[in-house]
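Beneath this line is the structure, given in structure tokens, with notes to follow.
The values are calculated or read from the model by the stated rules, or taken from the named source; none is laboratory data. Computed from a predicted structure; not experimentally measured. Because the Cβ atoms are built from the backbone with ideal geometry, glycine has one as well, and the counts that use them run over all protein chains shown.
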């Protein structure tokens, strides 16, 4: 089962490990010091057998989890300045997908305490052309 | 993880086997066998599997991927008649399957290095019809 969400946020691709010039060479216009924004589209996929109601996942519970862990802290925020990352890193969409997956995985059992459903995959569309997917089993 | 870049190109093609009659071609390929050809707005999704670099945070610089797709796919394919202008489709019937495989062959040598590899080529011939190619091994017995 996959549920789709949207949030808008700004970011600047910049690595503290590199000089200004190296950052500009690596990230190009994405390194603009003032940052820029995207309407991110997030797909959260979960897996489970059909329960008594014929559904695999209670979407109300999933919506609450995603709202609390992802949408409320990220929507209309600056990913560099306003968001606390569990592993500090340049806010590329690769790292963003991993951060979101980590947040959902860590808080999953508080919302879904049983064996099922399990978190399967997180997909971030930075734009309709640039898509990033991470499987939950790739994240500690 | 898997990252995907999506691009579009428009091209025309004919699906027919020269050794078959018009009637046989029509039976095999339907409207796609029309001898004057027809066109599609193809949508191509290229997916690469790898781990983000610890410094850059990127699996592959998407600017590089964009330039690669421009050079290897869009420049030769966009606004072309595939059967007449793009090898190997003078010999190979340009079905979506064969086009996807040809795009894989063009991209795979440029992308598989340093802990990353080409994961999938997905080609939409129309919004309602697409094919996935993941290398010849994926389809062999």
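What the table shows:
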read-out	value
Candidates A:115, A:70, A:66, filtered to the one that is outside any strand (DSSP E or B), loosely packed, with under 15 Cβ neighbours inside 10 Å and either more than 9 Å from chain B (Cβ to nearest Cβ) or more than 14 Å from the chain's Cα centre (by Cα) (or both)	A:115
Tally, over the range A:31-63, of residues that are free of Cβ contacts under 8 Å to residues at least 60 places away in the same chain, more than 19 Å from residue A:117 (Cα to Cα) and surrounded by 18 or more Cβ atoms within 10 Å (Cβ to Cβ)	2
Hey, residue A:87 within 11 Å of another protein chain (Cβ to nearest Cβ) and either over 19 Å from residue B:60 (Cβ atoms) or assigned to a helix (DSSP H, G or I) (or both) or not	yes
Which numbered condition residue A:125 fails, given (1) out of contact with any helix residue (DSSP H, G or I) (no Cβ under 8 Å at 6 or more places or on another chain); (2) modelled with pLDDT of 95 or more; (3) more than 14 Å from chain B (Cβ to nearest Cβ)	(3)
Test: residue A:139 is more than 25 Å from residue A:54 (Cβ to Cβ), more than 8 Å from chain B (Cβ to nearest Cβ), within 14 Å of the chain's Cα centre (by Cα) and at pLDDT below 95	yes
Meets criteria (more than 27 Å from residue A:121 (Cβ to Cβ), at pLDDT 95 or above, away from chain A (no Cβ under 11 Å) and part of a strand (DSSP E or B)) for residue B:98	no
Hits in the range B:1-50 - residues which are touching a strand residue (DSSP E or B) at 6+ places or on another chain (Cβ under 8 Å) and assigned to a loop (DSSP other than H, G, I, E, B)	B:1, B:14, B:37, B:50
Set A:94, A:84: member being at pLDDT 95 or above and either surrounded by 15 or more Cβ atoms within 10 Å (Cβ to Cβ) or over 18 Å from residue A:135 (Cα atoms) (or both)	A:94
Residue that is nearest to the other protein chains (Cβ to nearest Cβ), among those in the range B:54-74 that are over 19 Å from residue A:29 (Cα atoms) and surrounded by 14 or more Cβ atoms within 10 Å (Cβ to Cβ)	B:69
Odd one out for residue A:29 among (1) more than 14 Å from chain B (Cβ to nearest Cβ); (2) not in a strand (DSSP E or B)	(1)
Condition met for residue A:104 (within 14 Å of another protein chain (Cβ to nearest Cβ) and at pLDDT 95 or above)	no
Residue within the range A:91-98 that is within 14 Å of another protein chain (Cβ to nearest Cβ), in contact (Cβ under 8 Å) with a residue 40 or more places away in the chain and over 14 Å from residue A:42 (Cα atoms) present	yes
In the range B:17-33, the residues that are exposed (fewer than 15 other Cβ atoms within 10 Å of the Cβ) and more than 21 Å from residue B:90 (Cβ to Cβ)	B:23, B:27, B:30, B:31
